[in-house]
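Novice: Before anything else, here's the structure in question.
The values are calculated or read from the model by the stated rules, or taken from the named source; none is laboratory data. Since we're looking at a predicted model, the values are computed, not measured. Cβ sites come from the backbone with ideal geometry, for glycine too, and all protein chains shown count toward neighbours.
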Amino acid sequence: MLNELNEHRGELGERLGIVLTEASAQRVVATMPVAGNRQPYGLLHGGASVALAETVGSVASMLSAGADRVAVGIEINATHHRAVTDGVVTAVATQVHGGSTLATYDIRVADEAGRAVCTCRLTCMLRDRPPAGGKVPAPGSGDADRKP
């Protein structure tokens, strides 16, 4: 399953170098390099941390929604705790609520020493069909044009 999720992580996930390393409806883990994701001061861009957090939370929400449903982010908040200039950061999304219409995750982004870089909370709405004309690929179809 991880290989398929990584193949379909989307354009932003590819550009940021996000790699999913663990995935279930209760917990998703991913890594992202700092190199290539820095702001002009040489620090990890806060938006990259939030994009990483939303990625792990959205994947977890999608897994919580089930095969015939989709997850759509409706709220994310973030607190940035410390700067990172190199290495790899790791995000861990942990389920707080997994209902039939909403899924909420606490997400911690940490540096290689395990120190908190950013903490987030993401809530996704679980829908019966994709918004805006998107489509949900059939399981195992390998449809790379999937829209969230």
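Novice: Here is a list of conditions, (1) surrounded by fewer than 16 Cβ atoms within 10 Å (Cβ to Cβ); (2) over 15 Å from THR90 (Cβ atoms); (3) modelled with pLDDT of 95 or more, and SER58 meets all of them except one; can you say which number that is?
Specialist: For SER58, the failing item is (1).
Novice: Could you check ARG9 against (1) surrounded by fewer than 16 Cβ atoms within 10 Å (Cβ to Cβ); (2) over 23 Å from GLY114 (Cα atoms) and say which number it fails?
Specialist: Among (1) surrounded by fewer than 16 Cβ atoms within 10 Å (Cβ to Cβ); (2) over 23 Å from GLY114 (Cα atoms), the lone unmet condition for ARG9 is (1).
Novice: While we're here: Hey, among the residues in region 61-105 that are surrounded by 12 or more Cβ atoms within 10 Å (Cβ to Cβ) and among the charged types (D, E, K, R), which one's nearest to THR21 (Cα to Cα)?
Specialist: Applying the filter and picking the extreme gives ASP86.
A quick yes/no check of all residues on (1) at pLDDT below 95; (2) surrounded by fewer than 18 Cβ atoms within 10 Å (Cβ to Cβ); (3) within 20 Å of SER49 (Cα to Cα):
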residue	(1), (2), (3)
CYS120	no, no, yes
MET125	no, yes, no
LYS135	yes, yes, no
GLY140	yes, yes, no
ASP145	yes, yes, no
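Novice: Out of curiosity, is GLU4 farther than 20 Å from CYS120 by Cα and assigned to a helix (DSSP H, G or I)?
Specialist: It is true that GLU4 is farther than 20 Å from CYS120 by Cα and assigned to a helix (DSSP H, G or I).
Novice: What number of residues within region 33-70 are outside any loop (DSSP other than H, G, I, E, B) and either of a type in the set (A, V, I, L, M) or on the phi > 0 side of the Ramachandran plot (or both)?
Specialist: 13
Novice: Hey, another quick one. In this structure, is THR79 farther than 20 Å from GLU7 by Cα, modelled with pLDDT of 95 or more and in contact with a strand residue (DSSP E or B) (Cβ under 6 Å, 6 or more places away or on another chain)?
Specialist: yes
Novice: Test each condition in (1) free of Cβ contacts under 8 Å to residues at least 40 places away in the same chain; (2) more than 23 Å from ASN3 (Cβ to Cβ); (3) not in a strand (DSSP E or B) for ARG15 and report the one that comes out false.
Specialist: (2)
Novice: Something else about it: Is it the case that some residue within region 18-32 is part of a loop (DSSP other than H, G, I, E, B) and buried (at least 22 other Cβ atoms within 10 Å of the Cβ)?
Specialist: Checked against the condition, which is being part of a loop (DSSP other than H, G, I, E, B) and buried (at least 22 other Cβ atoms within 10 Å of the Cβ), region 18-32 yields at least one hit.
Novice: Let me ask something additional. How about region 1-49: which of its residues are out of contact with any helix residue (DSSP H, G or I) (no Cβ under 9 Å at 6 or more places or on another chain), at pLDDT 95 or above and closer than 16 Å to ALA93 by Cβ?
Specialist: Selection gives SER49 alone.
Novice: All but one of (1) basic (Lys, Arg); (2) under 19 Å from CYS120 (Cβ atoms); (3) in a helix (DSSP H, G or I) hold for ARG82, so report the exception by its number.
Specialist: For ARG82, the failing item is (3).
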